Amino acid sequence: MSHTPPLDPKKPKNVKVSQLCELCHARKALIKRPKNLQKVCKLCFFHVFETEIHNTIVSNKLFVEGEKVAVGASGGKDSTVLAYLLKLLNERHNYGIHIVLLSIDEGIVGYRDDSLATVKRNKEQYNLPLEIVSYRELYDWTMDEIVACAGVRNSCTYCGVFRRQALDRGAAKLGIKHVVTGHNADDMAETVLMNILRGDVARLEKSTAIMTQSSGSPIKRSKPFKYAYQKEIVLYAHYKKLDYFSTECTYAPEAFRGTARELMKNLEAVRPSCIIDIIHSGESLRLLPKKAKRAPPTSHVEVRSDGSISLPRQGFVDGNRCERCGYLSSNKICKACMLLEGLQQNRAKMAIDSDVSVHGAAKLTRTLEKLTF
Amino acid sequence: MTEVQSCKRCRIEKAVVVSRKEPFCSECFCKFVSLKQRKQMMSDQYFQDIFKVMYQDKVKTAEIAEKMNAESRVLVPLSFGSSSLVMLNVLNDVLEEQLEVHRGKTGFSIEILVCYFGAAQEKSLKDRLRALMNTRLLKTKKLYKIHVVDIETFFNSSKHIQVHLEDTSYIVRKINTFSNDTGSQPTVDVLLNRCVNRSAREDLLNVMRTAVIKQFAVQGQYKAILWGHSMTRLADEIMASVVKGRAAQIASALDNESFDVEFDESFKNLHPMRDVLLSEIDAFCHISNLLPYIYEYYPQQTLLIEKNSESGHSPSPKMVRNMTINELARQYFDNIEGNYSNVISTVVRTGAKLDRPLNTVPTASRCGICYTMLYRNGPEWLRHITVTSSYPLVTEEDHHLYSTWINSEHGKSREHYLELASEFKVNGKELATCYGCLLILGEVKDKNISWPESKPDILKDVIEDFVIDDDEE
């Protein structure tokens with residue numbers, strides 16, 4: 001055995017030519033981009049990732065100068081990278097926007113309280129103002145209580161409906177008209193597939209819109225990470241050593257969504273570019289014009305055999321408002337108010353003092369994690 | 001299950017199949033499938049005119065009615081899979097009924113098209129064809145015309161082009177090739193072997209086969225092509241199209257109402273089996289003994305009450321990595337059928353509600369590879385969202401490594417690719433392609449394929465009318 005001199009830890013000299021970055025051909029490749037399978041080095045990765053987000057922002061004219069923008073911050077990887085990157089790009093390219101972190105406290109003990117701690121650290125690290133809106137103050141329910149009352153199976157339905165409103169209300173409270181969220185390309189592709197599998201025609205055309213705005217609401221939403229792969233976001237957070245919270249929500253995801261997620265994972269293994277391919281598809285989905293139904297004249301009222309009558313249906317009116325809370329709604333009463341009413345009916349009439357049994361699975365997991373012999 | 005269920009329709013016979021939660025006896029089940037198909041065949045005026053037996057009436061004379069019957073020629077591409085065989089079986093029943101009821105008259109005639117790839121497939125398919133004609137279609141044999149076409153006819157075009165994808169800009173360019181350039185005509189076999197994965201291979205084969213069949217229909221002046229796609233297969237296609245970035249093409253693919261825009265608007269496509277699940281078609285095959293004619297597929301027995309035990313025929317499960325996108329979509333539907341049984345029909349119904357996208361390209365154009373209409377500029381879209389520039393070289397080591405790379409084999413092979421690319425850049429012309437074909441090109445060796453410049457001329461060169469040797473004579 002011949003003696004080999006110790007390697008200089010700072011300079012890994014033996015970089016094989018085949019290991020070099022395919023963009024600069026000068027540094028060792030560390031990352032294989034799922035989008036086009038290019039092997040790139042760390043610096044080129046930062047460069048392309050940041051530039052792509054910048055391009056998305058500029059070409060879709062997401063921001064106006066002087067605008068106040070709220071970042072929906074959960075403490076997870078997507079929103080952490082989003083907050084970091086928006087701040088960086090804002091300074092680099094002079095968007096002239098003011099960034100605020102906006103968090104929602106759903107009230108999931110052992111999950112959300114921990115991730116909110118991350119957001120609070122982010123607030124200090126990036127020197128950004130933070131606002132927290134809780135389900136408790138808005139709806140007088142926490143997610144843990146909702147699950148205890150309505151069961152774990154529907155948790156995502158409640159949480160999703162409530163969060164959407166909560167973000168808008170939080171933004172309105174701060175006088176902000178633009179909420180950006182960390183939805184990434186994987187989320188978007190999954191939604192496209194889900195909408196087709198569920199036949200959700202109402203959402204089919206709009207599911208890939210980068211910005212959504214309703215004429216009735218002053219608050220618009222946008223998704224600058226629309227074309228960014230989840231994998232790349234994680235790698236970016238990892239290599240930039242960003243501080244994020246990486247536990248999944250402990251309430252099980254919707255079962256059907258689970259099957260779509262599984263399908264996506266398999267597809268990605270066969271063709272990694274499929275995520276943007278699906279988004280490309282999603283952008284070209286368009287519905288046939290609705291066929292006019294043969295209906296009696298509008299002045300006629302049908303009397304059914306059981307004596308009931310059909311009320312004239314109002315079509316979807318953009319900007320329609322909920323009769324109870326005044327929030328945007330396509331029906332008379334918005335979904336959140338409807339869910340709340342159902343919950344209220346089932347709320348326990350009596351409660352035990354300092355009862356902690358409603359604390360869900362997350363709390364238990366945390367407790368178990370801390371156990372030692 | 002020990003309890004003997006009886007058929008819910010006739011309430012007499014013993015049930016052999018459970019489909020859509022209903023027990024059927026074999027006769028009622030075949031009728032059920034058959035009616036679903038017949039309903040689609042009568043879906044609109046155009047198809048009614050084809051399939052119905054025409055007689056003299058207030059608007060047409062006897063001659064016109066006769067002429068309509070004679071001109072109602074439909075093309076049935078037969079893959080010898082379960083769906084196309086069941087479809088042909090039902091079509092044949094319709095013909096037999098018409099012969100009987102209308103005393104020797106039929107409203108339409110069927111021409112079968114078998115498109116094969118390779119000598120082995122040619123032999124197997126021809127054997128099955130012969131068997132089929134001499135048994136099940138024996139009575140109506142005179143009403144059929146049969147054509148056997150080699151998929152290689154796809155390249156029977158006077159001119160070929162070299163198509164190349166530039167991977168940094170996603171621009172596709174073409175160069176005309178002349179016969180003396182390469183010496184030999186490109187072949188399907190060679191082309192498919194250049195694919196780096198099974199998905200690209202399957203897609204290319206599919207593009208070529210569809211083009212051959214549709215072009216055959218154009219040149220043979222058929223009224224319609226009857227595709228055997230089951231509801232399950234259509235759901236696969238819809239999902240796979242979305243995954244392959246081809247969602248823009250779903251509307252045309254499912255369109256049974258208008259003439260085929262991509263192929264001269266001379267015929268319509270019909271999917272008569274679009275209301276029937278593959279599992280139902282497979283059960284039909286088992287019940288009506290179609291198994292011996294089926295090529296490279298074993299029909300599932302999921303709906304049969306008494307499963308055939310001897311068929312340990314299930315294909316060995318593939319690794320996910322080796323599956324094609326269509327196979328993954330099929331696997332997904334197979335797996336969830338138990339829990340979410342209506343997903344397949346939901347997907348097909350949703351697909352049928354789709355319209356062609358709004359056009360965003362300045363001039364109406366077609367994909368140079370698969371001939372479908374183009375609605376968006378795929379390369380431009382990709383360039384918008386993908387950055388391919390690099391971060392500048394910083395340290396001395398960077399510069400050192402870069403010069404090593406330039407002089408290495410890797411640098412040279414990249415150089416070769418770039419040379420090829422630059423040759424196309426100088427001599428080639430841009431070729432508009434759809435997003436899906438862009439992906440295929442990215443998955444062949446050197447991102448470079450030979451392709452006919454125009455649609456294949458099938459009738460000119462090879463049209464092998466298949467003559468069946470009668471066993472009895």
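The values are calculated or read from the model by the stated rules, or taken from the named source; none is laboratory data. Predicted model only: the values in this text are computed from it and were never measured. When we count neighbours, we look across all protein chains shown, and the Cβ atoms used for this are built from the backbone with ideal geometry, even at glycine.
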Pairs returned, first residue in the range B:324-336 that is at the interface with chain A (Cβ under 7 Å from one of its Cβ atoms), second residue that is among the polar types (S, T, N, Q), beta-carbon separation under 9 angstrom, 6 or more apart or interchain, are B:ILE325/B:SER199; B:LEU328/A:ASN266; B:TYR332/A:THR259; B:TYR332/A:ASN266; B:ILE336/A:THR259
query = If you check B:GLU280 against the conditions, is it within 30 Å of B:ALA15 (Cα to Cα), in a helix (DSSP H, G or I) and of a type in the set (Asp, Glu)?
reply = yes
Of those in the range B:443-461 that are assigned to a helix (DSSP H, G or I) and within 12 Å of B:PHE216 (Cα to Cα), the residue modelled with the lowest pLDDT is B:ASP461
Against the definition (under 26 Å from A:ASP243 (Cβ atoms), touching a residue at least 40 places away in the same chain (Cβ under 8 Å) and hydrophobic (A, V, I, L, M, F, W, C)), how does A:LEU86 come out, yes or no?
yes
Counting only residues in the range B:8-48 that are among the polar types (S, T, N, Q) and without any contact (Cβ under 8 Å) to a residue 24 or more places away in the chain, the one surrounded by the fewest Cβ atoms within 10 Å (Cβ to Cβ) is identified as B:GLN45
The one condition B:ASN289 fails out of (1) touching a helix residue (DSSP H, G or I) at 6+ places or on another chain (Cβ under 9 Å); (2) more than 14 Å from chain A (Cβ to nearest Cβ) is (1)
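Out of A:ALA209, A:ALA189, which single residue is under 25 Å from B:MET239 (Cα atoms) and away from chain B (no Cβ under 14 Å)?
Answer to the check: A:ALA209.
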The one condition A:ARG203 fails out of (1) free of Cβ contacts under 8 Å to residues at least 60 places away in the same chain; (2) crowded, with 21+ Cβ neighbours inside 10 Å is (2)
If we take the range A:158-273, then helices (runs of 4 or more DSSP H) inside it with 1 or more residues that are polar (S, T, N, Q) are A:185-198, A:230-239, A:255-270
Filter the range A:260-271 for residues that are surrounded by 14 or more Cβ atoms within 10 Å (Cβ to Cβ), under 19 Å from the mean Cα position of the chain (by Cα) and not small (Gly, Ala, Ser); the one that is nearest to the other protein chains (Cβ to nearest Cβ) is A:MET264
When every residue in the range B:428-442 that is not acidic (Asp, Glu) and not in a helix (DSSP H, G or I) is compared, the one nearest to the other protein chains (Cβ to nearest Cβ) is B:GLY442
Within the range A:192-206, the residues that are charged (D, E, K, R) and at the interface with chain B (Cβ under 9 Å from one of its Cβ atoms) are A:ARG198, A:ASP200
Across (1) modelled with pLDDT of 95 or more; (2) in contact with a strand residue (DSSP E or B) (Cβ under 9 Å, 6 or more places away or on another chain), B:VAL243 clears everything bar (2)
Restricted to the range A:232-246 and to residues being within 15 Å of the chain's Cα centre (by Cα) and farther than 30 Å from A:GLY175 by Cα, the residue surrounded by the fewest Cβ atoms within 10 Å (Cβ to Cβ) is A:SER246
Taking the range B:216-246 and the residues there that are outside any helix (DSSP H, G or I) and within 14 Å of chain A (Cβ to nearest Cβ), the one that is farthest from A:ARG271 (Cα to Cα) would be B:ARG246
Within the range B:273-304, the count of residues that are within 19 Å of B:PHE24 (Cα to Cα), touching a residue at least 24 places away in the same chain (Cβ under 8 Å), surrounded by fewer than 22 Cβ atoms within 10 Å (Cβ to Cβ) and within 22 Å of the chain's Cα centre (by Cα) comes to 2
Residue count, the range A:144-178, condition modelled with pLDDT under 85 and among the acidic types (Asp, Glu), comes to 0
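Scanning for something within 10 Å of another protein chain (Cβ to nearest Cβ), at pLDDT below 75 and part of a helix (DSSP H, G or I), does the range B:411-427 turn up at least one residue?
Checked the range B:411-427: at least one residue is within 10 Å of another protein chain (Cβ to nearest Cβ), at pLDDT below 75 and part of a helix (DSSP H, G or I).
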A careful count of residues in the range B:172-186 that are β-branched (Val, Ile, Thr) and modelled with pLDDT of 90 or more gives 1
With criteria (1) within 25 Å of B:GLY378 (Cβ to Cβ); (2) surrounded by fewer than 21 Cβ atoms within 10 Å (Cβ to Cβ), B:THR404 comes up short on (1)
Only one of (1) farther than 15 Å from A:SER74 by Cα; (2) buried (at least 16 other Cβ atoms within 10 Å of the Cβ); (3) among the aliphatic types (A, V, I, L, M) does not apply to A:VAL152, and that is (2)
**Prompt:** Can A:GLY76 be described as over 20 Å from the mean Cα position of the chain (by Cα) and over 24 Å from B:THR386 (Cβ atoms)?
**Reply:** no
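Farther than 15 Å from A:LEU167 by Cβ, within 14 Å of chain B (Cβ to nearest Cβ) and not aromatic (Phe, Trp, Tyr): does that describe A:SER115? Working first, answer last.
Working: farther than 15 Å from A:LEU167 by Cβ: yes; within 14 Å of chain B (Cβ to nearest Cβ): no; not aromatic (Phe, Trp, Tyr): yes.
Considered against the rule, which asks whether it is farther than 15 Å from A:LEU167 by Cβ, within 14 Å of chain B (Cβ to nearest Cβ) and not aromatic (Phe, Trp, Tyr), A:SER115 comes out as no.
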Per the list (1) in contact with a Cys (Cβ under 6 Å, 6 or more places away or on another chain); (2) within 14 Å of another protein chain (Cβ to nearest Cβ); (3) under 26 Å from B:GLU111 (Cβ atoms); (4) not polar (S, T, N, Q), residue check on B:ALA253 breaks on (1)
Expected output for the range B:342-355 (first residue closer than 19 Å to A:LYS206 by Cβ and more than 7 Å from every other protein chain (Cβ to nearest Cβ), partner at pLDDT 95 or above and not in a helix (DSSP H, G or I), Cβ below 8 Å, 6+ apart or cross-chain) is none
Among residues of the range A:41-63 being in contact with a strand residue (DSSP E or B) (Cβ under 8 Å, 6 or more places away or on another chain) and under 16 Å from B:ILE385 (Cβ atoms), the residue nearest to the other protein chains (Cβ to nearest Cβ) is A:VAL48
Within the range A:278-292, restricting to residues that are more than 7 Å from every other protein chain (Cβ to nearest Cβ) and more than 19 Å from A:ASN184 (Cα to Cα), the one that is farthest from the chain's Cα centre (by Cα) is A:ALA292
Taking the range B:356-381 and keeping residues within 8 Å of chain A (Cβ to nearest Cβ), of a type outside the set (Phe, Trp, Tyr) and in contact (Cβ under 8 Å) with a residue 60 or more places away in the chain leaves B:ARG356, B:PRO357, B:ARG376, B:GLY378
On the basis of being modelled with pLDDT of 85 or more, of a type in the set (Asp, Glu) and either assigned to a loop (DSSP other than H, G, I, E, B) or touching an Asp or Glu at 6+ places or on another chain (Cβ under 6 Å) (or both), does A:ASP277 make the cut?
no
